[in-house]
Amino acid sequence: MDSKPTVLITGAAQRVGLHCAQRFVDDGFAVIITCRHLRAEWASRPLVGIDVIVADFSTWDGIQGLIDTLRQKRVRLRALVHNASLWLDDKDQQDAFQQMFMVHMQAPYLLNNAFNELRDPGLPADIIHISDHVARRGSARHIAYCSSKAGLEALSLSYAARLAPGVKVNTIAPALVMFNTDDSPEYRAKALSKSALGIEPGPEVVYQSIRYLMDTPYVTGTCLELNGGRDLK
């Protein structure tokens, strides 16, 4: 692998995850991302400085396959960012909870268990879990999603205790970061009104939060709220 410090970001094929991956490249890191499918545009416009591994976190074999691939590549990680996420409606009661449990909890659990053998022993080490602001508030309409994200935060606390002092383990809980292109003006206005700052900050704030946690030597077992002051409304 590259002699540069290496960061693995799961579920980073687009939007916030891809932005963070590209920013890490800009800042001199080697970057590995995972995704369920290769994006068609990468055939003509390959990602620069980013190694892509296809991994399906909805199955145990898919998660273990990623770990085996990292071992075969002799990866030595500076940081692991659990960004992979799945949003399914509670109406799909047969599969929704199980799939989101696998992505939000089972995959981080297995990867965290393997982290000590995958980390670079000569560098500081961080595991960062990307949760969701709504996990701390609950949601009557998205119970499975909120529950599995809340479980991710509890998992983060447990690994902070287990892996200290060699590895710092923290969580980031964003609220609105960026809209989808098809979001209506009415939806945007309603969403912005929920926070005290009332802005769409963009994905850079997530990267800044990740770097803060990586660069600060005295923070572990915390959840960094990234919500523009929603608790003040």
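The values are calculated or read from the model by the stated rules, or taken from the named source; none is laboratory data. For clarity, every value in this text was computed on a predicted model and none was experimentally measured. Positions of Cβ are generated from backbone atoms using ideal geometry, with glycine treated the same way; all protein chains shown enter the neighbour counts.
Of the conditions (1) in contact (Cβ under 8 Å) with a residue 24 or more places away in the chain; (2) in contact with a strand residue (DSSP E or B) (Cβ under 8 Å, 6 or more places away or on another chain); (3) hydroxyl-bearing (Ser, Thr, Tyr), Tyr212 satisfies every one except a single condition; which number is it?
Only one criterion in (1) in contact (Cβ under 8 Å) with a residue 24 or more places away in the chain; (2) in contact with a strand residue (DSSP E or B) (Cβ under 8 Å, 6 or more places away or on another chain); (3) hydroxyl-bearing (Ser, Thr, Tyr) is unmet by Tyr212, namely (1).
Taking the conditions exactly as written (surrounded by 19 or more Cβ atoms within 10 Å (Cβ to Cβ) and either of a type in the set (Lys, Arg) or under 13 Å from the mean Cα position of the chain (by Cα) (or both)), does Ile130 satisfy them or not?
yes
Just to be sure before I move on: is Ser156 farther than 17 Å from Val7 by Cβ, touching a residue at least 60 places away in the same chain (Cβ under 8 Å) and of a type in the set (Ser, Thr, Tyr) in the structure I sent?
Yes; evaluated as a whole, the condition is true for this residue.
Taking interchain pairs and intrachain pairs at least six residues apart, which have beta carbon atoms under 9 angstrom, with the first residue in region 215-229 and charged (D, E, K, R) and the second in a helix (DSSP H, G or I)?
From residues that are charged (D, E, K, R), the pairs are Glu225/His133; Glu225/Arg136; Glu225/Asp231.
Can you tell me which residues in region 55-78 are at pLDDT 95 or above and among the hydroxyl-bearing types (Ser, Thr, Tyr)?
Residue satisfying the conditions is Thr69 alone.
Among strands (runs of 3 or more DSSP E) lying entirely in region 115-228, which contain 3 or more residues that are among the polar types (S, T, N, Q) and under 30 Å from Asp95 (Cα atoms)?
none
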